[in-house]
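The block underneath contains the structure these notes are about, expressed in structure tokens.
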Amino acid sequence: MKIAISGKGGVGKTLLSAFLARAFAADGWDVIAIDADPDANLATALGFPDADKIVPVSHLKALIEERAGVKGGYFKLNPRVDDLPETHSVKHNGIRLMVMGEVKRGGGGCYCPENAVLSSLTAHILLGRKDVVILDMAAGIEHLSRGTARAVDLLIIVVEPGRASIDTARRVQTLGTDLGITSLAVVGNKISSHAEEEFIRSQTAGLPLLGFVPFDRGLADMQMRGLAITGSAVIESAARDIYQRLIAGPTSNTEERGTSYCGS
């Protein structure tokens, strides 16, 4: 199962990516978590030791030059990358993590050799391996080409109660559809009332709804302090429900049960 997770910045893509990766790993699946967000926080969210010391693949200058064969302004478009998931990943609690880094630098000109390595690496992980893959992406889906996008079994778009995140979700939906992703779904995050549930239902009509993740003030505090997002029973339960729908298959991947909210 190859799952890409996208949405507006700050809606909780990394939170959902971390909890789903943990759920798959806890049930014995081989999991590769890919942090494809330039603002990389997945290692911290998963509780990886020394998360701040993990160097993104795109920053490994010597590796990029060697694999892309950079010489005289020329480079390979399809560099060898099949060994990188083992040699340039870190593993913790049954989850193998790869931090990709930037696709390109704003104002920095062409980032072509790095793009070639990242594109080939993403394609290899999606097309050449049998692991469960969780891609934590930015609001766009630049790490996916038309070919690799078709290997994605599901694009999950995370939204929160607010017009901006809905607008971003529609743009991500268009991008994903244009690239050939045929299966998309929505997860509502930071939900504190049934009214917020209904807002998301009404604004995402036409997209399957995988479930809702309640807002947890304690978890938000942990994220602001850069701590591993563990210890939230309500979010763990919501993520587990979403995980169960994913492994149950297409006939079970719509949210039907309500959620109890304090004060609602």
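A few remarks follow.
- A count restricted to segment 66-86 and to residues that are at pLDDT 90 or above, of a type outside the set (A, V, I, L, M, F, W, C) and touching a helix residue (DSSP H, G or I) at 6+ places or on another chain (Cβ under 9 Å) stands at 5.
- Among the residues examined, Val158 does not qualify as touching a Phe, Trp or Tyr at 6+ places or on another chain (Cβ under 9 Å), more than 24 Å from Asp82 (Cα to Cα), in contact (Cβ under 8 Å) with a residue 40 or more places away in the chain and assigned to a strand (DSSP E or B).
- Within segment 219-259, if we keep just the residues that are closer than 18 Å to Ile5 by Cβ and of a type in the set (Asp, Glu), the residue that is modelled with the lowest pLDDT turns out to be Glu255.
For every residue, the table says whether it meets (1) at pLDDT 95 or above; (2) over 16 Å from Ser6 (Cα atoms); (3) not basic (Lys, Arg).
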{"residue": "Arg146", "(1), (2), (3)": "no, yes, no"}
{"residue": "Ala149", "(1), (2), (3)": "no, no, yes"}
{"residue": "Arg171", "(1), (2), (3)": "no, no, no"}
{"residue": "Glu196", "(1), (2), (3)": "yes, yes, yes"}
{"residue": "Arg201", "(1), (2), (3)": "yes, yes, no"}
{"residue": "Pro214", "(1), (2), (3)": "no, yes, yes"}
{"residue": "Arg217", "(1), (2), (3)": "no, yes, no"}
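- Residue check for Ser264: at pLDDT below 90, in contact with a His (Cβ under 7 Å, 6 or more places away or on another chain) and under 21 Å from Ser165 (Cβ atoms): yes
- Beta carbons closer than 8 Å, at least 6 apart along the sequence or on distinct chains, pair a first residue in segment 38-51 that is in a loop (DSSP other than H, G, I, E, B) with a second that is acidic (Asp, Glu) and at pLDDT 90 or above for Asn41/Asp35.
- Residues in segment 66-99 that are of a type in the set (A, V, I, L, M, F, W, C) and surrounded by fewer than 20 Cβ atoms within 10 Å (Cβ to Cβ): 4 in all.
- Selection of segment 6-37 for residues being more than 12 Å from the chain's Cα centre (by Cα) and not in a loop (DSSP other than H, G, I, E, B) yields Arg22, Ala23, Phe24, Ala25, Ala26, Val31.
- Subset of segment 70-87 [over 23 Å from Thr148 (Cα atoms) and not basic (Lys, Arg)]: Val70, Gly72, Gly73, Tyr74
- All positions within segment 77-95 that are of a type in the set (Lys, Arg) and over 18 Å from the mean Cα position of the chain (by Cα): Arg80
The values are calculated or read from the model by the stated rules, or taken from the named source; none is laboratory data. Bear in mind the structure is a predicted one, so any value in this text is a computation, not a measurement. Here the Cβ is made from the backbone with ideal geometry for all residues, glycine too, and neighbour counts use every protein chain on show.
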